[in-house]
Amino acid sequence: MVGEPILVMLVEDNVDHAELVIRTLEEHRIANKVRHFLDGQSALDYLFRREEYAGQENNPRPHVILLDLRLPRVDGIDVLKAIKESDELKAIPVVILTTSEAEKDVARAYYNHANSYLVKPVGFEEFKKLMDDLGFYWLGWNTHPHGKG
Amino acid sequence: MGRILNLPDLGSEDLNIQARLYYRLSAGLIVLSLIFVILTPFLAPPLTQRALIIAGVVVPASLCVLWLVRRKKLRYAAVFFVSLLWLIVTLASVTAGGISAPVTLGYVIVILIGVLTFKKRPYFIVGICALAVVLMALAQMTGVVTQTVEYSPVARAIIYVFFFVVAGLLQSITAMNTQQLLVKSRENEARYRSLLENIPATIYINSLQPEAPTTYVSPQVEKILGYPRRAFTDDPLFWTKILHPDDAALVKQQSRRTSESLEPFSMEYRVIAKENRVVWLKDDALLVYDENGKPLYWLGVWTDITSLKQVEDEQADLVHGLTKRTIQLQTAADVARAATSILDINDLLPSVVELIRDHFEYYYVGMFLIDEAGEWAVLRAASGEMGRQMLEMGHRLKLEDSSMVGWCIKHKQARIALDVGEDAVRFVNPLLPLTRSEIALPLIAHGNVIGAMTIQSEKPAAFSRVDITALQAMADLVANALENARLFTERVGLNKELESQNEELERFTYTVSHDLRSPLVTIRGFLGYLRQDVSSGDMTRFDHDLNRIASAVDKMQTLLNELLELSRIGRIANPPEAIPFGELVREAVELLSGPLEAGKIRMEINGAFPMVLVDRLRVAEVLQNLISNAIKFMGDQPNPVIEIGAAGTDADGKPILYIRDNGVGIDPKYHDRIFGLFNRLDPSIEGTGIGLTLVKRIVEIHGGRIWLDSELGRGATFYFTLPIPEPKI
C-alpha cells in the first residue's frame, strides 16, 4: 500500500449524508479519493465497467466500498449480492453504512457476505469518530487482497 | 242268460251298435231256423229235408258269429255273417229249383245287411248277388238246374211275408241306430262345447289365410277383453286391430311366419281391452289337420296372464328399486366423502356434479351459486360437453319465477317438472334438447339459500319421491360443504390480509425508523460543522451548512405529514358518494393548473367517464398524485402530453381508468417496487416515495386495482379501477 492511491467508493442516495462522509474522510486525510454514486445501478455499472463506464478497463477498483442499504433503482442488498457473487469483485471489503438498525437488515447484510455493518450515528461527534475509526481500520490497519484493480 | 246278452264294450259307439246288430241278427237266424224246422213238416212236408239241411248249416254258423262278436273280432264276424247269408240264399235257391224260387228275394236281405256292414263297398255285395242270380238263370235256361219244387200260393205268401218282415226289421234297426247316433253325437257336442266354453281360457279358430281371420271365438273372450264375441267374427281381422301398438308389428310378423312354416304359434303380448285396459295374453295356436293330413284351421288358446305379468313387473320394479337405492346410498357416501375432503369450491362442485350424473345416469347435472349482488344464479359446475359450453358462456339465471332454478332459489323449495313440456316455468335450453323431466333443488346452508342444483333426465317422470329425497339430502350435504369451504376460504383470506397488514406495519416501522433518522443524521452532522464554521469564520460554508439543516428539517416535516396521511387512509373513511368521475378529473386538473402550465403540458381528457361510488377526497388525492408524478417525470419531452381516459370495464364490471404521459417512462423491472413505501427511483427528483404507496392504498381500500404499463423512454400509463354505484331499477 505504500505510495498507492487509496480509492473509496461511496454509494449513498442522500446527498447530505454523502457530503458529511466525504468531508469527514477528507479532513482526516484518510482517503486519496472518494467516488460517490447516488444509486445502486450506477455503482454496479462502474464496478462492472458497463453502460456509461463501458470500455474503461483502467478504472481503478476501490479498496473499500461504503454502501447504503436503501437505494433507488437497485437496492443496497442487491448491489452487495452482485459484488459478492462476482469472482472479480468479491474480495473487495464492503462496509454497510446506513441509518437502519433493523435486525432484518443486519442479518440480510451479513448473510450476503457484508464485511461490516455500521449504523450512522445521529450525533456529530459520534459520526466523526466513526469515520475516523472506519478510515483507520479499513484503510490503515486492514491488509488488502489486491494491489490494483 | 243275461251275461250272454250283455255285449262287451268295443270302445266306440259305432262299433257297439254294429256288434249289437250282428248279435241280434245271428240270434234271430237261429230262432228262425228252429221255427222253420218245426213248422215245415206241417205246412210243406216235401221241404222238411231241406229245412233240416239249412238249419244244420245256419245254427252252427250263427253261433260262430256270436262267438266272434264276443271275442271282439267284429270284422271277421261281419264277413262271416254276410257270407253265411249269401250262402244260405244261394243254397236255398239252387235246391228250390232256380231263379223263380221265392227264396231268391233273400238276396235283397243280403244286400241290405251287407250295406249296413260294409258301408263303403256296397257294389261288391250287389255284384256278387247279381252274379249269383244271372248264373242261376243261365243254369236254368240250359237245363242244368230244374225247378223241383212247386210252391203253393200259401207257401209263396208265407215266404214273401217273411222277407217283408225281415226287411222291415232291418230298416227299423238301421233307423233306430241312426237316431241313437244322432242323439249321442248331440250329447257329445254339447259336452265338448260346455267344456270348451267353461275352461278359464279363450279358444279361437282362425282360418288358414295369411292374415289368420277369426272364424270362431269362445265366449270367455267377453270376460277377459270386454268386447262382444260377435266383434271377432263380424270383423275377422278384429284381433289384429286391438293389438298393443308396441307389440302389434312383432305379433303380425310372427303370425305371418307361422302361417308359412305351419309351426305352432306361441307368444305373449299385450292387447288393448275395452275401456283402454291393457291385457297381457298368452297365445298358443296349433294347426288342426284332417285324417288325410290336410291342414284345416288354426286352433288357438288365449290365456289372460295380466296378473302374472304384474307380479313379474312388480318383482322387476322391486329389484330395480333396490339397485337404485344401493346406488343412491353409494353416491350419497361418495358425495359426503367429497364434501368433507374437498375444501376448495372450485374442486368440490365439479366432483359432485360428475358423481351424481355418473351414478344415476342422468342426462345433465348443474350447480348454480348466487352471485354477490344476490340477483343472479351463476352456473358454477355442469356435467358433460353441454355443461362445459354453458360454463364458458357464463350461463346464469335471474332469481325470478321465470326459471326452475330461479323459482327454487326464490321460494327455498324444490321444483319438479316431470314432463317439462307441460311446465311453462322451465327455462328452455337449446343446449339441452333432450330434457324431458327436471328437478331444481335449493342449496340451503344454515337456513340460507346459497344456490341450486338442477338435475335433468331424458325420460319423462324420471324422479320418484324417494329419488327426490335422496337428491335433496345430497344437495344439503353439498350446501353445507360449500358453506364450510366458503368459511375456510374466508379464513384463509383473513389470514392473508392479516399477514399483509403485518408486513405493511413492519415495513412502516422499518421505513419510519430509517427514513426519519436520515434527516436527523443530516441535521446533527451539519450542526457540528456549523460550530467549526463559526470558529473558522468561514461564513460561506456556514450558510451552506445552515441551508442543509433547514432543508432536512423541511423534509422531516413533509415526511411526518405524509406518514400521518398514510396512516389515516385505512382508519378514516368518508361515506362513499356517487360522483361523475369526469368532475373529479376536472377538479384535479384545475388544482394542478400551475405546474401544468409551467411545464407547458397539454391535457387530453378523453371520452365519457362513468359514475363512480367513492370517497371523494381520497380519489381526488389519487388523481393529484398521479398527475403530479406525470409532470415530475416528463423529462425533456419537447411536446409533453398527459391523457386521462376510461378504457372499458374489467371482469367484475368495474370501469378501468387511466392516466397516460409521454415522459421518461419506467423500466419494467422496477414496476414491482414503485408502489412500495419510500421506494424512489430517481434520487435527483424531489419527493418522499410515499405518493404511489398512498395512491395504491386508496384504490385498494375502494376494492379496486392499480397497475401500470410503461417502458423506459416511452412514457407511462397508470391504470386503476373504481367501484360504480348500484344501478337503480
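Here are a few things to note about the model shown:
- Failed condition for B:Ser33, given (1) crowded, with 20+ Cβ neighbours inside 10 Å; (2) within 28 Å of B:Gln179 (Cβ to Cβ): (2)
- Tally of residues being open to solvent by less than 70 Å² (accessible area, probe 1.4 Å) and either more than 25 Å from B:Gln330 (Cα to Cα) or not β-branched (Val, Ile, Thr) (or both) across the range B:438-479: 29
- Search result, residues across the range B:311-367 that are under 30 Å from B:Arg491 (Cβ atoms), open to solvent by 50 Å² or more (accessible area, probe 1.4 Å) and either outside the structural domain of B:Ser457 (by TED's automatic domain parsing) or among the charged types (D, E, K, R) (or both): B:Arg337, B:Asp344, B:Asp347, B:Glu354
- Qualifying residue in the range A:44-56 (condition: surrounded by fewer than 19 Cβ atoms within 10 Å (Cβ to Cβ), within 24 Å of B:Arg517 (Cβ to Cβ) and either within 14 Å of chain B (Cβ to nearest Cβ) or modelled with pLDDT of 90 or more (or both)): no
- When B:Thr40, B:Thr48 are checked against the criterion of being surrounded by fewer than 20 Cβ atoms within 10 Å (Cβ to Cβ), assigned to a helix (DSSP H, G or I) and of a type in the set (S, T, N, Q), a single residue qualifies: B:Thr48.
- Members of the range A:82-105 found to be more than 14 Å from chain B (Cβ to nearest Cβ) and surrounded by fewer than 15 Cβ atoms within 10 Å (Cβ to Cβ), listed by number: A:Glu85, A:Ser86, A:Asp87, A:Glu88, A:Lys90, A:Ala91
- Residue match in the range B:683-695 (condition: open to solvent by 30 Å² or more (accessible area, probe 1.4 Å), at pLDDT 85 or above and among the polar types (S, T, N, Q)): no
- Hits in the range B:524-550 (condition: open to solvent by less than 60 Å² (accessible area, probe 1.4 Å), of a type outside the set (Val, Ile, Thr) and touching a helix residue (DSSP H, G or I) at 6+ places or on another chain (Cβ under 7 Å)): B:Gly525, B:Phe526, B:Gly528, B:Tyr529, B:Leu530, B:Asp533, B:Phe542, B:Asp545, B:Arg548
- The listed residue being among the hydroxyl-bearing types (Ser, Thr, Tyr) and in contact with a helix residue (DSSP H, G or I) (Cβ under 8 Å, 6 or more places away or on another chain), out of B:Thr178, B:Thr174, B:Thr142: B:Thr174
- Answer from A:Leu38, A:Leu7, A:Leu67 - the residue that is closer than 25 Å to B:Tyr529 by Cβ, among the aliphatic types (A, V, I, L, M), more than 14 Å from chain B (Cβ to nearest Cβ) and open to solvent by 10 Å² or more (accessible area, probe 1.4 Å): A:Leu7
- Enumeration of residues in the range B:225-243 that are farther than 14 Å from B:Pro213 by Cβ and either open to solvent by less than 60 Å² (accessible area, probe 1.4 Å) or of a type in the set (A, V, I, L, M) (or both): B:Leu225, B:Gly226, B:Tyr227, B:Ile242, B:Leu243
- Set B:Arg357, B:Arg270: member being among the charged types (D, E, K, R), touching a residue at least 24 places away in the same chain (Cβ under 8 Å) and in contact with an Asp or Glu (Cβ under 8 Å, 6 or more places away or on another chain): B:Arg270
- Filter result for B:Glu565 (outside any helix (DSSP H, G or I), more than 14 Å from chain A (Cβ to nearest Cβ) and more than 60 Å from the chain's Cα centre (by Cα)): no
- B:Val521 being closer than 30 Å to B:Ala440 by Cα and buried (at least 18 other Cβ atoms within 10 Å of the Cβ): no
- Residue in the range A:70-81 that is more than 14 Å from chain B (Cβ to nearest Cβ) and not charged (D, E, K, R) present: yes
- Scan of the range B:357-373 for residues that are touching a helix residue (DSSP H, G or I) at 6+ places or on another chain (Cβ under 6 Å) and modelled with pLDDT under 85, ordered by number: B:His359
- Tabulated pairs, the range B:385-403, first within 15 Å of B:Leu432 (Cβ to Cβ), second among the aliphatic types (A, V, I, L, M) and part of a strand (DSSP E or B), C-beta under 7 angstrom, 6+ apart or interchain: B:Met390/B:Leu379; B:Met390/B:Ala382; B:Leu391/B:Leu379; B:Leu391/B:Ala382; B:His395/B:Leu379; B:Leu397/B:Ala377; B:Ser403/B:Leu397
- The set of residues in the range A:98-129 being more than 18 Å from A:Glu19 (Cβ to Cβ), modelled with pLDDT of 85 or more and in contact with a His (Cβ under 9 Å, 6 or more places away or on another chain) consists of A:Asp105 alone.
- Any hit, the range B:458-466, residues being more than 14 Å from chain A (Cβ to nearest Cβ) and part of a helix (DSSP H, G or I): yes
- Single residue of the range B:647-664 satisfying the filter (open to solvent by 40 Å² or more (accessible area, probe 1.4 Å) and closer than 19 Å to B:Arg602 by Cβ) that is nearest to the chain's Cα centre (by Cα): B:Arg660
- Those residues of the range A:10-22 which are at the interface with chain B (Cβ under 8 Å from one of its Cβ atoms) and in contact with an Asp or Glu (Cβ under 8 Å, 6 or more places away or on another chain), in sequence order: A:Asp13, A:Asn14, A:His17
- Of the candidates B:Val108, B:Val58, the single residue that is crowded, with 19+ Cβ neighbours inside 10 Å and modelled with pLDDT of 80 or more is B:Val58.
- Being polar (S, T, N, Q) and either in contact with a Phe, Trp or Tyr (Cβ under 6 Å, 6 or more places away or on another chain) or within 22 Å of B:Arg229 (Cβ to Cβ) (or both) is a condition met by no residue of the range B:289-301.
- B:Glu503 meets the conditions (1) surrounded by 15 or more Cβ atoms within 10 Å (Cβ to Cβ); (2) within 14 Å of chain A (Cβ to nearest Cβ) in every case but one. The failed one is (1).
The values are calculated or read from the model by the stated rules, or taken from the named source; none is laboratory data. Here the structure is a predicted model, which means the values were calculated and not measured. Every residue, glycine among them, receives a Cβ derived from its backbone with ideal geometry; neighbour counts consider all protein chains shown. Accessible surface areas use protein heavy atoms only, side chains included; no ligands, DNA or RNA. Shrake-Rupley method; radii C 1.70, N 1.55, O 1.52, S 1.80 Å.
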